[in-house]
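Beneath this line is the structure, given in structure tokens, with notes to follow.
The values are calculated or read from the model by the stated rules, or taken from the named source; none is laboratory data. Computed from a predicted model, the values in this text were never measured in an experiment. In this analysis, Cβ positions are derived from the backbone assuming ideal geometry, glycine residues included, and neighbour counts consider all displayed protein chains. Calculation scope for accessible area: heavy atoms of the full protein, side chains included, ligands and nucleic acids excluded. Shrake-Rupley method; radii C 1.70, N 1.55, O 1.52, S 1.80 Å.
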Amino acid sequence: MRYKLQRLSHDPAACLAVMQRASQQGFVQFRRAPPQQGDCPIEQPLRVSGFGEVSVSSSFLASCPMAVSSTVFVVNSHQALLQAGINSRLSRIAHVGSYACRNIYHRQQGRLSEHATAEAWDISGFQLANGQWLMVGKNWRQPTEAAAGLHALWREGCATFGNVLGPDYNAAHAGHFHLGMRGAGYCR
């Protein structure tokens, strides 16, 4: 799956076609956004505003490959939750951002973050259709059912994105999942 998604990063027209088909099938709501200029340019960003019946806390800017990966992740989330023993679909995703022109960890020096290219999305929580919230910072270890759901969603992210960082990675990720496009399955 990741290989196919990585190929889309080199073919903007094919990537946009995939997103348009996913939109027509009701899997995602998005629109093309104006190019970002300056220190962190993005030629053809997309503004994602929801995934079918799954709403997001606010729309977010994404590269096209990131938008495709995010859509695949949300579509596959129900099966992941079922495997964890949770028989309720996602209804809402709370996130703390995607595009931000900055270095890793907001450092003065160093390489640019994946957020600088709109190729990362930080998710802080998931609300299920039954009303229950699975909050990364609060439920990663307990209660058991919520933790199992979060771990299942984290693993689903690992199958879809190039890298997934969470509470076990470091203190900077204690309250959210970082879903990024770089790499080939680095999950921690």
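Computed values, structure above
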| read-out | value |
| --- | --- |
| In the stretch 46-131, trypsin sites (Lys or Arg not before Pro) in a DSSP loop with at most 12 other beta-carbon atoms within 10 Å | R107, R111 |
| Förster radius 30 Å - calculated FRET efficiency between S55 and Y169 (Cβ-Cβ, nearest 0.05) | 0.65 |
| Using θ = phi - 60° and Karplus 6.51 cos²θ - 1.76 cosθ + 1.60, couplings along the stretch 136-143 (whole Hz; Gly, Pro as x) | 4, x, 9, 10, 4, 10, 7, x |
| Of (1) 19.3; (2) 15.3; (3) 16.5, the label for Kirkwood radius over Cα pairs in Å derived from the coordinates | (3) |
| Å² of accessible area per residue within the chain, as computed with a 1.4 Å probe and no ligands counted | 50 |
| S91 long-range amide H proximity, modeled H, under 5 Å | Q127, L128, A129 |
| Percentage relative contact order, the chain, counting C-alpha pairs under 8 Å, at least six apart | 17 |
| Rounded Å value of the spacing that divides the Cα centres of the stretch 1-78 and the stretch 112-130 | 12 |
| Cα-based shape type of the stretch 36-91, given that a ≥ b ≥ c are square roots of the gyration tensor eigenvalues and the cut on a/c is 1.5 | prolate |
| Structure-based [θ]222 nm, the chain - -39500 (n - 2.57) summed over DSSP H runs of at least 4, per residue, nearest 500 | -10000 deg cm²/dmol |
| Residue among H173, C187, Q132 farthest towards the positive dipole end of the stretch 74-188, charges placed on Cβ | H173 |
| Highest-fluctuation residue, G162, G85, G125 considered, GNM on the chain with Cα pairs under 10 Å | G85 |
| Rounded FRET efficiency, nearest 0.05, which uses the C-beta distance separating A100 from W133 and R0 of 22 Å | 0.35 |
| Size of charge dipole - the stretch 59-188 - debye, nearest 20, with Cβ of Lys, Arg +1 and Asp, Glu -1, no other charges | 180 |
| Net charge of Cβ neighbours under 9 Å - reference A80; Lys, Arg +1; Asp, Glu -1 | 0 |
| Within a Gaussian network of the chain (alpha carbon springs, distance under 10 Å), most fluctuating of C158, C64, C101 | C101 |
